[in-house]
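Report on the structure given below.
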Amino acid sequence: MSQIDTTPQQTLTQKLANPTRFMQLSGTLMPWFAGAAAALILYALYLAFFVAPEDYQQGQTVKIMFIHVPAAWLGMLGYALIAVSSFGYLVFRHPLADVSAKAAAPIGAAFTFLALATGSLWGKPMWGTYWVWDARLTSMLILLFLYFGLMALRSAIEDEALAGKLCAVLGLVGVSILPIIKFSVDWWNTLHQPASVIRMDGPTIHPDLLWPLLISALGFSLLFFALHMKGIRNEILRRRVKSLTMAEVDRARGVSASAAAE
Amino acid sequence: MIDLGPHAAFIWASYAIYAAVLVGVIGWLVWDGARLKLRLAELEARGVSRRSRAAKEI
């Protein structure tokens with residue numbers, strides 16, 4: 001008589017949610033992501049400074065676009081990643097989902113800050129001002145504050161499980177900022193130009209400028225994922241250190257209790 | 001030197017801020033990871049181990 005295998009089958013996400021398996025997989029993937037990112041970013045810089053032409057209206061300042069636009073996309077992608085991870089943590093209780101959300105926050109905040117800073121430096125020569133309270137700029141600033149809020153909330157609560165749950169709720173509520181940022185240039189009158197790459201009728205930007213931008217975006221996206229993997233690995237190590245430290249304290253307490261009993 | 005026209009300072013400043021922030025983030029992640037690995041190695045050297053690993057050793 002044949003034996004029936006009663007071992008529960010794990011889905012791919014369940015397999016990846018295992019921290020030990022993630023450490024093995026990310027240890028292999030991360031150097032490739034980082035290497036490919038470095039190569040693509042260097043190539044994009046070469047195209048931006050030596051190949052791409054000046055814009056007929058903006059002149060050489062269009063070179064800021066090659067870093068400003070990827071930063072804005074990745075600032076938003078970081079928050080989308082937090083929202084998906086938060087959903088995974090609240091609904092499926094994946095242990096790695098909370099770690100992923102925590103690791104994505106400072107990286108997403110860095111790219112959002114870079115989008116605001118480079119946009120401001122692009123705005124001064126083109127618009128005549130570093131800052132204006134228009135819909136696109138203000139909604140990106142709110143995104144940065146949401147990142148700060150998530151990081152502050154997590155560091156304010158000592159209980160890791162409670163902090164994870166509260167941050168997941170804030171992460172899901174805050175995701176409503178993403179469509180507001182995307183469509184702000186259509187819904188309101190803004191100084192910021194409307195979308196010229198991701199459009200229903202295709203990009204309106206000339207291919208000589210579009211290609212360096214797409215290569216730059218791909219390079220910085222790979223860098224983002226390499227940094228996110230590194231952040232997750234660090235957080236897994238931090239939690240292991242914490243649990244081992246607590247185990248050591250418990251062991252020391254046990255030894256002193258048994259010594260007192262004797 | 002590449003001629004970036006009358007607004008060169010804004011272009012160079014953008015790229016400089018970008019490089020500084022990304023180098024900062026990468027440096028912080030690498031330093032944090034190295035510090036945690038060292039701490040973990042110290043704990044394991046003192047004989048503290050995770051239950052899963054201890055169970056396997058048994």
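Here are a few things to note about the model shown:
- From the options A:LEU244, A:LEU191, A:LEU166, A:LEU170, residue that is over 30 Å from A:LEU47 (Cβ atoms), among the aliphatic types (A, V, I, L, M), surrounded by 14 or more Cβ atoms within 10 Å (Cβ to Cβ) and in contact with a Gly (Cβ under 9 Å, 6 or more places away or on another chain): A:LEU170
- If you filter the stretch B:1-49 down to residues that are among the acidic types (Asp, Glu) and more than 7 Å from chain A (Cβ to nearest Cβ), you find that the one that is nearest to A:ALA52 (Cα to Cα) is B:ASP3.
- Residue-level check: of (1) assigned to a helix (DSSP H, G or I); (2) in contact (Cβ under 8 Å) with a residue 40 or more places away in the chain, A:PRO53 misses just (1).
- Filter result (free of Cβ contacts under 8 Å to residues at least 60 places away in the same chain and closer than 21 Å to A:ARG136 by Cα) within the stretch A:148-181: A:PHE148, A:GLY149, A:VAL173, A:SER176, A:PRO179, A:ILE180
- Per the conditions (1) surrounded by 17 or more Cβ atoms within 10 Å (Cβ to Cβ); (2) more than 29 Å from A:VAL69 (Cα to Cα); (3) of a type in the set (D, E, K, R), the sole criterion not satisfied by A:LYS230 is (2).
- For A:ARG240, the test of being within 14 Å of another protein chain (Cβ to nearest Cβ), at pLDDT below 85 and part of a helix (DSSP H, G or I) is failed.
- Being more than 29 Å from B:ASP32 (Cβ to Cβ) and at pLDDT below 95 is a description that does not apply to A:PRO95.
- For the stretch A:84-119, the set of residues classified as crowded, with 21+ Cβ neighbours inside 10 Å and more than 14 Å from chain B (Cβ to nearest Cβ) consists of A:SER85, A:SER86, A:TYR89, A:LEU96, A:ALA97, A:ASP98, A:SER100, A:ALA101, listed by residue number.
The values are calculated or read from the model by the stated rules, or taken from the named source; none is laboratory data. For clarity, every value in this text was computed on a predicted model and none was experimentally measured. Cβ coordinates were reconstructed from backbone atoms using ideal geometry, including for glycine residues, and neighbour counts include every protein chain displayed.
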